[in-house]
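The next block holds one structure in the form of structure tokens; read it before the comments.
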Amino acid sequence: MLNQNTSSPDHIAAIDLGSNSFHMIIARQHEDGSISIVDKLREPVRLAAGLVGDGIITEEVYKKALECLERFGQRIRGWEPQSIRAVGTNALRRAANTSDFLLAAENALGHSIEIISGREEARLVYLGVVKTLDSNQDDRLVVDIGGSSTEIIRGEGIAPSQLESIQLGCVTATCRYFPDGKITAKAFRSAELMAISEVQSIRYAYKKANWNAVMGAAGTIKAADSAIRALGLSKKGITASALESLAETIIKAEHLEKLKLPSVNSDRISVFPGGIAVLSAIFKTFKIENMQVAEGGLREGVLFDLLGRIRHEDVRSNNVLTMANRYNVNLDRAENIYSTAGGLLKQLNETKALKKGQAWDILKWASQLIEAGLAIAHTQYHVHSTYIVENSDLFGFSRDEQKWLSILVRLHRKKINNDLLKEIPSTKRHFYRQLLFVLRLGVLLNRSHLDDGLPKFKFGMDDKEINFTCPGDWLNQQPLIKTDLEKEASYLKSIGYQLNLHTAE
């Protein structure tokens with residue numbers, strides 16, 4: 001009941017900061033609930049190729065990326081934050097200077113950017129594929145070859161059952177095996193063998209799968225299909241024999257400059273040999289005979305996932321609830337904590353400026369997960385809860401969102417480690433402090449079961465002061481809670497906050 005309702009935006013946008021290209025798609029929502037794509041933008045940034053030495057993004061690629069994001073930002077200027085979702089993938093997962101880049105990138109785009117895990121990327125790819133299919137086969141294999149990672153997913157209907165992300169892609173394979181543009185049969189075979197060795201690590205997990213269809217997503221596979229059709233090698237998707245003939249055509253060119261495939265654009269040609277080597281390895285490892293090209297992929301998955309959040313079908317909430325049930329969390333108690341903490345949060349004027357609904361969602365997730373560690377041990381259970389939250393696959397969350405949620409869980413009781421709070425970016429730290437303070441009070445006030453329930457409290461924050469007001473003589477009638485509040489005052493004082501306890505007449 002505490003969630004703040006928001007109106008549904010007319011247009012939504014999904015932005016993908018891929019390892020090879022940056023993409024943005026914009027869709028319009030219709031009254032009947034359907035959407036239609038109204039605009040697409042793509043720029044080949046080559047982020048993965050720009051990682052050198054110890055993983056630092058080169059100045060040239062850094063600048064190119066920011067210029068691209070500035071152009072994207074012009075297209076969505078003035079939009080409400082909840083109508084946009086931007087994600088970064090494997091190159092940004094690997095980059096050593098990701099934090100610095102993100103600050104500049106978010107400023108250029110005018111919107112926050114999430115770095116998602118490989119398995120979350122795989123989930124979104126699958127969602128984008130199945131949501132754009134006319135039919136819904138019972139079992140399918142989906143492959144997405146990106147710039148520096150490859151996602152391989154098995155799913156039944158709309159739900160993925162196996163998700164894997166492997167550290168290889170068209171950019172990294174091309175840079176490693178065809179660095180000077182020279183193409184030889186030996187280099188191609190070496191690239192293929194490298195990819196096979198990587199894919200073999202997950203082969204057993206998929207060995208017993210009996211999929212009805214194999215779908216391919218993203219640029220490499222779409223370009224392969226286009227080239228195969230243009231060369232007259234197949235009219236029914238990518239076949240094993242057609243792919244082998246395409247590989248021979250690439251090798252015969254001997255150099256990227258001589259590789260002429262009119263159906264493949266020039267910026268894709270520059271990373272095409274590596275991508276085809278990876279695709280060939282996947283065909284051979286899984287004994288694929290035919291692959292159909294999907295219209296949707298990661299960007300469409302981001303779009304549909306965003307749409308789910310707007311329509312209150314957030315996969316994050318479902319996954320948190322699943323985890324809470326897995327660890328036998330007392331959900332009635334969690335709801336009481338959330339209700340009390342939310343009532344305090346609602347009184348803070350600053351929350352009006354926050355992204356609508358965001359504070360309430362995070363607070364509820366934290367309330368549902370703080371006691372997950374009790375399934376391991378009562379002593380230091382909040383430490384166990386933290387480990388569970390930080391290291392589990394919580395689909396829908398970015399890497400940072402999951403980390404910040406784990407910090408709320410870790411600090412919901414006892415001493416407050418200010419160094420942990422400093423791991424949250426300065427632009428978001430005050431917001432998370434607010435959530436932490438009301439969460440701590442929510443836990444404290446619900447420590448004892450009160451037959452009459454809790455009265456209404458007044459709560460406010462001003463700079464370094466926190467004011468908490470109880471009605472009448474209530475606090476004196478609750479000696480345990482009074483003692484806990486006095487102890488809480490000492491915990492807050494240790495990080496520079498003054499907790500003032502008041503009594504209302």
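Checking each residue in region 69-97 for being buried (at least 21 other Cβ atoms within 10 Å of the Cβ), within 26 Å of Ser165 (Cα to Cα) and not small (Gly, Ala, Ser) picks out Leu69, Ile84, Arg85, Val87, Thr89, Asn90, Leu92.
Within region 403-433, track down each residue that is under 24 Å from the mean Cα position of the chain (by Cα), farther than 21 Å from Asn391 by Cβ and polar (S, T, N, Q). Once the filter is applied, which keeps residues that are under 24 Å from the mean Cα position of the chain (by Cα), farther than 21 Å from Asn391 by Cβ and polar (S, T, N, Q), region 403-433 yields Ser426, Thr427. Just give me the residues in region 247-261 being in a loop (DSSP other than H, G, I, E, B) and within 12 Å of Ala224 (Cα to Cα), in sequence order. Listed by number, the list holds a single entry, Leu261. If we scan region 364-376, do we find a residue that is without any contact (Cβ under 8 Å) to a residue 24 or more places away in the chain, under 19 Å from Arg123 (Cβ atoms) and within 22 Å of the chain's Cα centre (by Cα)? No. Any chance region 458-472 includes a residue that's within 24 Å of Asp332 (Cα to Cα), part of a loop (DSSP other than H, G, I, E, B) and at pLDDT 90 or above? Taking every residue of region 458-472 in turn, none turns out to be within 24 Å of Asp332 (Cα to Cα), part of a loop (DSSP other than H, G, I, E, B) and at pLDDT 90 or above. Here Ile495 meets each of (1) of a type in the set (A, V, I, L, M); (2) touching a residue at least 60 places away in the same chain (Cβ under 8 Å); (3) exposed (fewer than 13 other Cβ atoms within 10 Å of the Cβ) with one exception, condition (3). Inside region 100-123, residues that are more than 19 Å from Thr172 (Cα to Cα), touching a residue at least 12 places away in the same chain (Cβ under 8 Å) and among the polar types (S, T, N, Q) make up a count of 1. Note on region 231-264: among residues that are among the β-branched types (Val, Ile, Thr) and touching a helix residue (DSSP H, G or I) at 6+ places or on another chain (Cβ under 6 Å), the one that is surrounded by the most Cβ atoms within 10 Å (Cβ to Cβ) is Ile238.
A single entry from Arg440, Arg433 fulfils the requirement of being assigned to a helix (DSSP H, G or I) and in contact with a His (Cβ under 9 Å, 6 or more places away or on another chain): Arg440.
Identify all residues within region 383-417 that are under 14 Å from Ala372 (Cβ atoms) and either among the basic types (Lys, Arg) or in contact with a strand residue (DSSP E or B) (Cβ under 6 Å, 6 or more places away or on another chain) (or both); write none if there are none. Answer for region 383-417, where residues must be under 14 Å from Ala372 (Cβ atoms) and either among the basic types (Lys, Arg) or in contact with a strand residue (DSSP E or B) (Cβ under 6 Å, 6 or more places away or on another chain) (or both): Arg410, Arg413.
Considering region 434-471, and only residues there that are surrounded by 14 or more Cβ atoms within 10 Å (Cβ to Cβ) and either within 26 Å of the chain's Cα centre (by Cα) or hydroxyl-bearing (Ser, Thr, Tyr) (or both), the residue that is farthest from Ile113 (Cα to Cα) turns out to be Thr469. Annotation for region 135-145: at least one member residue is acidic (Asp, Glu), touching a helix residue (DSSP H, G or I) at 6+ places or on another chain (Cβ under 6 Å) and modelled with pLDDT of 90 or more. Taken over region 140-191, the criterion of being of a type in the set (Ser, Thr, Tyr) and either in the same structural domain as Val87 (by TED's automatic domain parsing) or under 19 Å from the mean Cα position of the chain (by Cα) (or both) is satisfied by Ser148, Ser149, Thr150, Ser161, Ser165.
Counting only residues that are at pLDDT 90 or above and outside any helix (DSSP H, G or I), region 297-337 holds 5 of them.
Scanning region 149-201 for residues that are crowded, with 24+ Cβ neighbours inside 10 Å, in a helix (DSSP H, G or I) and among the polar types (S, T, N, Q) yields a count of 2. Applying the criterion of being outside any helix (DSSP H, G or I) and without any contact (Cβ under 8 Å) to a residue 24 or more places away in the chain to the residues of region 202-230, the residue that is surrounded by the most Cβ atoms within 10 Å (Cβ to Cβ) is Lys207. Please indicate, with yes or no, whether at least one residue in region 111-129 is modelled with pLDDT under 90 and in a loop (DSSP other than H, G, I, E, B). No; the residues of region 111-129 include none that is modelled with pLDDT under 90 and in a loop (DSSP other than H, G, I, E, B). Evaluating Lys236 against the criteria (1) basic (Lys, Arg); (2) assigned to a helix (DSSP H, G or I); (3) out of contact with any Gly (no Cβ under 9 Å at 6 or more places or on another chain) leaves one unmet condition, (2). As a summary of the residue check, Gln292 satisfies the conditions (1) in contact (Cβ under 8 Å) with a residue 40 or more places away in the chain; (2) out of contact with any strand residue (DSSP E or B) (no Cβ under 6 Å at 6 or more places or on another chain) except for the one numbered (2).
The values are calculated or read from the model by the stated rules, or taken from the named source; none is laboratory data. All of these numbers come straight from a predicted model, not from anything done at the bench. In this analysis, Cβ positions are derived from the backbone assuming ideal geometry, glycine residues included, and neighbour counts consider all displayed protein chains.
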